[in-house]
Amino acid sequence: MSAPVTRLMLVSHARTDAMRTGRFPGDEPLDDAGQRDLAAVTDPPRVDRVLSGPETRSISTAQRFGSNISVEPGLADIDYGRWSGLEMTDLPDADAMGWLSDPAFVPPGGESLDALFSRVETWLSTVGSTPGRTLAVTSPAVVRAVVIVVLEAPVSSFWRIDVFPLTLTALGRRGGIWTVGSVAQKFV
């Protein structure tokens, strides 16, 4: 008897104003270009369930892929705390360097990369025990963290993976082992 297979399709939410302008995001809607790109997705993948991060931008994107969406706290974007709305150049140099070099660094009122990775690893173990095809809409940060956790790469690899808006990352799990099928493929 073969082991059950879990197919996980991670979709990075469509574009927002913060992405366009290079700011740390808050809970914001899709911008006009993001809405147009999302409308252009004409052949969404067939799935058994659609999950979404709790942010407006993720939920709006998930609605293109299904009407029965489960909001998952484990798919939340990293919490940038008081940095939300700021550009990296707005930060003191020591904070910017800490953020880029120390995974334990916590933005004021926010969440460290270490905390994000811990949350993502917990979420992956839960979704990995669910056979079938799951589509999960989330932020680029969560998609990068998932890929790094699955590859068992160091957290420092976080800054070396590009995940663009409205892209698909495909993973599979059989017999307790995750594999990466593709990373950040464009829909449109």
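The values are calculated or read from the model by the stated rules, or taken from the named source; none is laboratory data. Remember, it's a predicted structure, so these values are computed and weren't measured experimentally. Here the Cβ positions follow ideal geometry from the backbone for every residue, glycine too, while neighbour counts run over all protein chains shown.
Before moving on, here are some points about what is shown:
- Of all residues making up region 150-164, the number that are farther than 22 Å from Ala96 by Cα and surrounded by 19 or more Cβ atoms within 10 Å (Cβ to Cβ): 1
- Single condition Glu87 does not satisfy, out of (1) touching a strand residue (DSSP E or B) at 6+ places or on another chain (Cβ under 8 Å); (2) surrounded by 13 or more Cβ atoms within 10 Å (Cβ to Cβ); (3) over 15 Å from Leu168 (Cβ atoms): (2)
- Test for Val47: is it touching a residue at least 40 places away in the same chain (Cβ under 8 Å) and in contact with a Phe, Trp or Tyr (Cβ under 8 Å, 6 or more places away or on another chain): yes
- Filter result (among the β-branched types (Val, Ile, Thr), assigned to a loop (DSSP other than H, G, I, E, B) and in contact (Cβ under 8 Å) with a residue 12 or more places away in the chain) within region 13-44: Val41
- Failed item in (1) touching a strand residue (DSSP E or B) at 6+ places or on another chain (Cβ under 9 Å); (2) loosely packed, with under 13 Cβ neighbours inside 10 Å; (3) hydrophobic (A, V, I, L, M, F, W, C), with Leu124 passing the rest: (2)
- Qualifying residue in region 28-40 (condition: out of contact with any Lys or Arg (no Cβ under 8 Å at 6 or more places or on another chain), surrounded by 14 or more Cβ atoms within 10 Å (Cβ to Cβ) and under 22 Å from Arg144 (Cα atoms)): no
- Every residue from region 153-171 that is touching a strand residue (DSSP E or B) at 6+ places or on another chain (Cβ under 8 Å) and under 13 Å from Leu113 (Cβ atoms): Ile161
- Those residues of region 77-135 which are of a type in the set (Val, Ile, Thr), without any contact (Cβ under 8 Å) to a residue 60 or more places away in the chain and either in a loop (DSSP other than H, G, I, E, B) or closer than 23 Å to Ile59 by Cβ (or both), in sequence order: Val106, Val120, Thr122, Thr126
- The set of residues from region 168-186 being crowded, with 17+ Cβ neighbours inside 10 Å and touching a helix residue (DSSP H, G or I) at 6+ places or on another chain (Cβ under 8 Å) comprises Thr169, Leu171, Trp178, Val183, Ala184.
- Output for region 33-54, where each listed residue is within 13 Å of Pro165 (Cα to Cα) and not small (Gly, Ala, Ser): Gln35, Arg36, Asp37, Leu38, Val41
- For region 161-176, a tally of residues being at pLDDT below 95 and either farther than 15 Å from Gly128 by Cα or in a strand (DSSP E or B) (or both) returns 1.
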